[in-house]
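The values are calculated or read from the model by the stated rules, or taken from the named source; none is laboratory data. What you see is a predicted model, and the numbers here were worked out from it, not measured in a lab. Here the Cβ positions follow ideal geometry from the backbone for every residue, glycine too, while neighbour counts run over all protein chains shown.
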Amino acid sequence: MTDSVYTQLLDLACGAFLLAAVGVLWLRQLSSIVRVFALQGVALAAVAALLGLHEDRPGLLAVAAGVGLLRAWAVPRLVLRALTAGAPHRPHYQADVSETRETRPLVTVAASLLSAALLTLLAYAVSRPLADLHPTPATHALPVGLAVVLIGFFTLVTRRRAPAQTVGFLLLDNGITVTAFLAASGVPLIVELGVSFDLLLAVLVLQILTTRMRAAFGGTGIDDLRELRD
């Protein structure tokens, strides 16, 4: 793989990675949000694979395969299951619209997209000095990772449905992971597997919590938790 092809493919993968994060802010259907997050997992695995191919590191290719399996398939599958956890299993059952869509976010779609643009500009301004310390195609893409971290945190604090907030947390983790890949040319396989299994555990806890919330409140709105009293 030539340097020019590697740079173009890396830029394409990083662009898709950032675009998926923006797509999460744009969409309201929870199932669509999870599917876009799965596509981001594919882009994350592609970044790791490109770094492994360019640097001839089979270990990094194994990390890319593990990332693709866990973050593009296993975790999104569990989140999709959490969307229907505790729902009545009756023929022709139609879920409440408020349970399948993020109907009352704290920030509108237009304001969310504008915030994503501002956060991306902030990420480029903050990380540019770091990229200038060791200019490579990978370090030049560092702002993408930081931008996704900021967008993930923004999603986490502006959504009211538990599954949507979970996707925000997962976006945050994906941003940290891709930043580690780009800044340090990858992380050891055992470290990445440990982090990914922690994510699986967090999603499993979400599924249990979602089931209990539907049983207690009939929905997954975080605002319902404010009614709890000691």
Output yes when any residue across region 174-182 is assigned to a helix (DSSP H, G or I), at pLDDT 70 or above, aliphatic (A, V, I, L, M) and closer than 20 Å to Val36 by Cβ, and no when none is.
yes
Kindly establish whether Ile208 is in a helix (DSSP H, G or I), out of contact with any helix residue (DSSP H, G or I) (no Cβ under 7 Å at 6 or more places or on another chain), modelled with pLDDT of 70 or more and of a type in the set (Val, Ile, Thr).
yes
Cβ-Cβ distance below 6 Å, separation of 6 or more or different chains: which pairs start in region 125-142 with a residue that is in a loop (DSSP other than H, G, I, E, B) and surrounded by 11 or more Cβ atoms within 10 Å (Cβ to Cβ) and end on one that is of a type in the set (A, V, I, L, M, F, W, C) and at pLDDT 95 or above?
Ala141/Cys14
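Residue-by-condition table, conditions (1) exposed (fewer than 13 other Cβ atoms within 10 Å of the Cβ); (2) touching a helix residue (DSSP H, G or I) at 6+ places or on another chain (Cβ under 8 Å); (3) modelled with pLDDT under 90:
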site	(1), (2), (3)
Gly86	no, yes, yes
His92	yes, no, yes
Ser98	no, no, yes
Ala116	no, yes, no
Within region 17-66, tally of residues that are outside any helix (DSSP H, G or I) and either closer than 19 Å to Arg104 by Cα or modelled with pLDDT of 95 or more (or both):
3
